[in-house]
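Before any comments, here is the structure.
What follows is calculated from the coordinates using simple rules that are stated; it is not laboratory data. All values reported here derive from a predicted model rather than from experimental measurement. Note that we place each Cβ from the backbone using ideal geometry, even for glycine, and neighbour counts take in every protein chain shown.
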Amino acid sequence: MNPLQRTDRCNEIVFGIDLPVSPEELASLRRSVGWPVEGDYERLLDENVFSVSARLDGRLVGFLQVVGSPHGDLLIHDVCVHPQVQRRGVGTRLMEIALDACQRWNPRGVNVLFEEKNRPFFERFGFRIMLGGYMDSMTLLSRRPKGFPGDPSGGIK
Ligand SMILES: CC(C)(COP(=O)(O)OP(=O)(O)OC[C@H]1O[C@@H](n2cnc3c(N)ncnc32)[C@H](O)[C@@H]1OP(=O)(O)O)[C@@H](O)C(=O)NCCC(=O)NCCS
């Protein structure tokens, strides 16, 4: 059992670290906030350092994943709360649980990626706000490879 695994009950919503979440539940939660759902969620869920989930009456209403290197940099990503329970402190609790757990791993640092509209939510946790970037898979695949000296593929001209 993961030493970080635990549950925590708050206002009828049950929070937990590394509790089972199915790819279908995650896709449904993502859909509720208008996020894309394509991708191999079975594998993604396996590749976490850990995840934090929130359930109301058994239903997944909040989720985040922490990935990266526990001794280097961790990344908290895809923080997601179902619209029916937003602005009730669920996102804050997910983040607090994640940051407490990150603290125990003692990484070099913790990153989080977010859009400008969510800045008021994320800046309350003490992150130093910097610039960052994100490239989705469509953009990545449409990129023309430049190659480099010694590249066995020779690059594509
Ligand atoms: C961003 C998100 C995770 C916040 O979750 P939440 O459970 O609604 O957040 P909380 O209730 O804990 O919010 C705490 C405080 O953060 C701020 N906040 C939260 N959402 C906000 C928003 N959309 N706009 C401005 N401030 C916001 C407010 O100060 C809020 O306190 P208040 O309700 O007393 O004003 C949630 O809105 C969400 O899942 N959005 C869609 C997915 C997304 O964009 N995720 C973030 C990028 S990874």
Across all Cα atoms of the chain, Rg and the largest Cα-Cα distance (Dmax), in Å, are 17.6, 59
GluC sites (Glu not before Pro) in the stretch 32-112 lying in a DSSP loop, each with at most 10 other Cβ atoms within 10 Å of its Cβ, come to Glu38, Glu47
In deg cm²/dmol, rounded to the nearest 500, the helical mean residue ellipticity at 222 nm of the chain, built from -39500 (n - 2.57) for every DSSP H run of length 4 or more, is -7500 deg cm²/dmol
For Val112, Val14, Val52, ascending order of other Cβ atoms within 10 Å (fewest first) is Val14, Val112, Val52
With 0.36 nm assigned to each residue of separation and the Cα-Cα distance removed, Glu25 to Phe148 gains 40.1 nm
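With charges set only on the Cβ (+1 for Lys and Arg, -1 for Asp and Glu), what does the dipole of the chain come to about its Cα centre, in debye to the nearest 20?
Roughly 480 debye for the chain.
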The extension gain from Glu42 to Met135, computed as 0.36 nm times the residue separation minus the Cα-Cα distance, is 31.3 nm
Inter-part gap, Cα centre of the stretch 128-149 to Cα centre of the stretch 93-107, in whole angstrom, is 28
For Val85, the net charge from surrounding residues (Cβ-Cβ under 14 Å; K, R +1; D, E -1) works out to +3
Of 15-25, 141-151, 99-109, ordering from highest average Cβ density within 10 Å down gives 15-25, 99-109, 141-151
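Please compute the length gained on full extension between Asp57 and Asn106, using 0.36 nm multiplied by the number of residues separating them and subtracting their Cα-Cα distance.
Extra length from Asp57 to Asn106 when fully extended: 14.3 nm.
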